[in-house]
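The values are calculated or read from the model by the stated rules, or taken from the named source; none is laboratory data. Computed from a predicted structure; not experimentally measured. Ideal geometry is used to build each Cβ from the backbone, glycine not excepted, and the neighbour counts take in all protein chains shown.
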């Protein structure tokens, strides 16, 4: 996709092992030499250890491409979670032989004769076990049985163990001390240093036919190297994503800003510029809404407990009418009809004393229409009884027609305002 834009012949940062792009750091050279020497000299066991992504498999495939395939019989075990019997049967299968139904010891003895025949023909049988740190300990312990298959000079089967550093801890088990003693050649692939990482990136860009200086800016390469910590696979992933993103922006060379963006994306931190700019403000605004809403609901409930009724005019926002102590007379409030048990004498209009002695009350008959603010526990039926002294279906229907926001008469929102209209007068019997 981006090859022509950046002047490349092929993709330089494939994460699949490609021997053509093999970069040999000092530790990679050492590992390659260990494999070549151990197999050529028939030393029996070779162990290659390295962290995830350092290039162990690339080293192996590079060796296999250059080895003499005519005289090399390779058995590659990708899944090491096998019993020793299953491992021996795998060797038989890869050599094109029938393992039959014999026991493990019989199979190993027969394998010895087969390997001697291969040895006489000048062939080398190589067993490569990848991800060896996942192999059961019992199987590892039995591997030494294969290492006993030998002539007076050479081992008949060469076993290459490739694994992560955890394999070293497994080898320290007392049960595996004999296997550990048989590991004649061991090599560890180290992560690249920062200079080696830079050389690695430039090497792969050149192998792909590109000019490193026209593909990545120096700060961009530095940021990739700092993030990858010397792991070739991570270098490939970051670089490939940076090229894709840079092509999308039509940016050549790739800048450090683009690298920073793809690092955030791969780390799961990527957000849009709008979100980064407005998220704090939205959070603060939401918090203020919650605080104000809670305060208003609490104040409304408190006023109702004190007997203060909310009133409103057509041109004004509804506000509670609070008396001022010793300075003005108690304002006239709209009355509402209450059940007889709760009806009290209305307070006379006079100056309010320094302290309210009793809750404010309303008269039994109030002027309609009237508005009420819902408090906790209110239902439409309850409020209708208070206002009209009745709550039949027709009355509730009139109230709901006046308040289309009510969808369920038994569920009304606390703090909301309900308008109670004047009921139509009923004609007396016999009237014209």
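Worth a mention:
- For residue 106: the one exception among (1) at pLDDT below 90; (2) surrounded by 14 or more Cβ atoms within 10 Å (Cβ to Cβ): (2)
- Checklist (1) in contact with a helix residue (DSSP H, G or I) (Cβ under 7 Å, 6 or more places away or on another chain); (2) within 30 Å of residue 242 (Cβ to Cβ); (3) surrounded by 17 or more Cβ atoms within 10 Å (Cβ to Cβ); (4) without any contact (Cβ under 8 Å) to a residue 60 or more places away in the chain applied to residue 125, failing item: (2)
Residue by residue, here is whether (1) touching a helix residue (DSSP H, G or I) at 6+ places or on another chain (Cβ under 6 Å); (2) over 22 Å from residue 104 (Cα atoms); (3) in a helix (DSSP H, G or I) holds:
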residue	(1), (2), (3)
146	no, no, yes
162	yes, yes, no
170	no, yes, yes
179	yes, no, yes
195	no, yes, yes
203	no, yes, yes
206	no, yes, yes
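- Where residue 142 falls short, out of the listed (1) surrounded by fewer than 18 Cβ atoms within 10 Å (Cβ to Cβ); (2) assigned to a helix (DSSP H, G or I); (3) assigned by TED's automatic domain parsing to the domain that holds residue 69: (1)
- Test for residue 372: is it part of a strand (DSSP E or B) and modelled with pLDDT of 50 or more: yes
- Yes/no for residue 91 being part of a helix (DSSP H, G or I), at pLDDT 90 or above, surrounded by 12 or more Cβ atoms within 10 Å (Cβ to Cβ) and over 49 Å from the mean Cα position of the chain (by Cα): no
- Residue match in the stretch 27-42 (condition: surrounded by fewer than 16 Cβ atoms within 10 Å (Cβ to Cβ), in contact with a helix residue (DSSP H, G or I) (Cβ under 8 Å, 6 or more places away or on another chain) and assigned to a loop (DSSP other than H, G, I, E, B)): no
- Each residue in the stretch 109-122 was checked for being crowded, with 20+ Cβ neighbours inside 10 Å and in contact with a helix residue (DSSP H, G or I) (Cβ under 8 Å, 6 or more places away or on another chain), and 1 of them qualify.
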